[in-house]
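Taking it in order: structure first as structure tokens, then the write-up.
The values are calculated or read from the model by the stated rules, or taken from the named source; none is laboratory data. From a predicted model like this one, the values you see are computed outputs, not experimental measurements. Backbone-built Cβ (ideal geometry, glycine too); neighbour counts: all protein chains shown. Ligands, DNA and RNA are stripped out before the accessible areas are found, and what is left, the full protein with its side chains, is counted by its heavy atoms. Shrake-Rupley method; radii C 1.70, N 1.55, O 1.52, S 1.80 Å.
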Amino acid sequence: NSTHMLKLLGAFPEHLYVGMNAAVGFAKAARAHECAFDVPLNRLLLETDAPYNIPAPVTIAMGRAAFSHSGLIPFVAAAVAEHKGQAA
């Protein structure tokens, strides 16, 4: 959860980063939403987690033809920005 993430970031101030993948955009991923809100941008890594997690908007648009790849990083960025209350 976010509390543990922040403690780890404090314990390792120079060499620990937090990766967010498409799961942060899933409606029921409350813990990922918390972490996305709290993680400092300079400690954030965006990931695809290919081939497993496909961003929800892509799945909705493409259905079963959708597959995860690095070109979907903007969808992960948009989901993180949404939870941080910022523009993507």
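A single entry from Val24, Val18 fulfils the requirement of being among the aliphatic types (A, V, I, L, M), out of contact with any Lys or Arg (no Cβ under 7 Å at 6 or more places or on another chain) and surrounded by 12 or more Cβ atoms within 10 Å (Cβ to Cβ): Val24.
Each row is one residue, and each column tells you yes or no for (1) in contact (Cβ under 8 Å) with a residue 40 or more places away in the chain; (2) of a type outside the set (A, V, I, L, M).
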| residue | (1), (2) |
| --- | --- |
| Leu9 | no, no |
| Ala27 | no, no |
| Ser68 | yes, yes |
| Leu72 | yes, no |
| His83 | yes, yes |
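Yes or no, residue by residue, for (1) surrounded by 13 or more Cβ atoms within 10 Å (Cβ to Cβ); (2) among the basic types (Lys, Arg):
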{"position": "Lys28", "(1), (2)": "no, yes"}
{"position": "Asp38", "(1), (2)": "yes, no"}
{"position": "Leu45", "(1), (2)": "no, no"}
{"position": "Val58", "(1), (2)": "yes, no"}
{"position": "Met62", "(1), (2)": "no, no"}
{"position": "Ala77", "(1), (2)": "yes, no"}
{"position": "His83", "(1), (2)": "yes, no"}
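The rows are residues; the columns are (1) open to solvent by 40 Å² or more (accessible area, probe 1.4 Å); (2) on the phi < 0 side of the Ramachandran plot; (3) at pLDDT 95 or above.
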| residue | (1), (2), (3) |
| --- | --- |
| Met5 | no, yes, yes |
| Pro13 | yes, yes, no |
| Glu34 | yes, yes, yes |
| Asn53 | no, yes, no |
| Ala66 | no, yes, no |
| His69 | yes, yes, no |
| Gln86 | yes, yes, no |
